[in-house]
Amino acid sequence: MKKNILKIAAVCAMSALMMSALAGCGATKDKNDETTASAEKLIMATNAEFPPYEYHENDKIVGIDAEVAQAIADKLGMELEIEDMAFDSIIPAVQSGKASIGVAGMTVTEDRLVNVNFSDTYSHGKQVIIVKDDSPIALPDDLKGKKVGVQTSTTGDIYITDDYGDESVERYQKGADAIQALLQDKIDAVVIDSEPAKVFVSENEGLKTLDTPYVEEDYAIALAKDNTELLDKINSALAELKQDGTLDKIINKYITSK
Ligand code: ARG
């Protein structure tokens, strides 16, 4: 690992030397050089515990959101940087300007719209119910009086808390932790978005997703309320990516069984 970094550094130093030789050894930077060398950063806050939208693969954060954000950054001539954090830190990071965008399979809700703006929708999701194969829970109404695992501050958390009260909810930092608790019979069900649900159910024996979804939702990119300039740019980029088929291509790469 270290070796590679050194190698890359050596190559870069060499090509920098060659470049400056070509450019007449100019040590002076003009304004254009500056902008091409350091493109403005597009800092994306996410929570990479949410396959196939964002997850870790060999030290890298990959998934639909990472690719959509990269495609947007490319269109805007910006440099994408991904910051992984707890899901409930994303909106505060966007509000404070620590991140320019929140991209996390995030559902547009009235309450969130008080604190952030959302771009146009780029994907859809559903909250679904995961139970063990032999569970008596067959319909959303059967969740009454049961212990339901959710990822903290997600819409699953919000809806279950609203519908069945705080005492029914067990909150976890990661969806995968809720799944482990279900496998260990610490809780009776998990409510989570349909696509991660597919991944978690396929990776773990003895689980199933109920056919009846709990709630249908739209995913969009969160931005600070005052950052309407970037909001407009992102919506234009998204419109182009929808139009030219890039968005569908990215989504179909990760979501096949449809
Ligand atoms: N769609 C749900 C919500 O907005 C869950 C999103 C969770 N995303 C994540 N990257 N963990 O609340």
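Odds and ends about this structure:
- Spin-label model, E57/K98: points 7 Å from Cα along the beta carbon direction are separated by 2.8 nm.
- Pairwise Cα inverse-distance average, inverted: Kirkwood Rh of the stretch 122-226 (Å): 13.8
- Global form of the stretch 54-95, assessed from the alpha-carbon gyration tensor, a/c cut-off 1.5: oblate
- For a paramagnetic label modelled on T121 (point 7 Å from Cα along Cα→Cβ), amide N atoms under 18 Å away belong, within the stretch 237-252, to 238-243, 247-249, 251-252.
- Segment E203-E110, length gained on full extension (0.36 nm per residue, minus Cα span): 30.1 nm
- Extension gain for D211-D84 works out to 42.5 nm (0.36 nm per residue, less the C-alpha to C-alpha distance).
- The stretch 39-55-the stretch 81-127 distance, computed between alpha-carbon centres (Å): 10
- The distance between label points at D74 and T256 comes to 2.2 nm (points 7 Å beyond Cα on the Cα→Cβ vector).
- Likely footprinting exposure, D84, D226, fewest C-beta neighbours within 10 Å first: D226, D84
- Separation of the alpha carbons by more than 28 angstrom is noted, of K198/K249; K75/K225; K60/K242; K225/K253, for K225/K253.
- Taking 7 Å steps out from each Cα toward its Cβ at T161 and K174 produces label points 2.3 nm apart.
None of the figures in this text is laboratory data; all of them are computed from the coordinates on show. Predicted model, so just to flag it, every value in this text is computed and none were measured. Every residue, glycine as well, gets a Cβ built from its backbone with ideal geometry; the counts of neighbours run over all protein chains shown.
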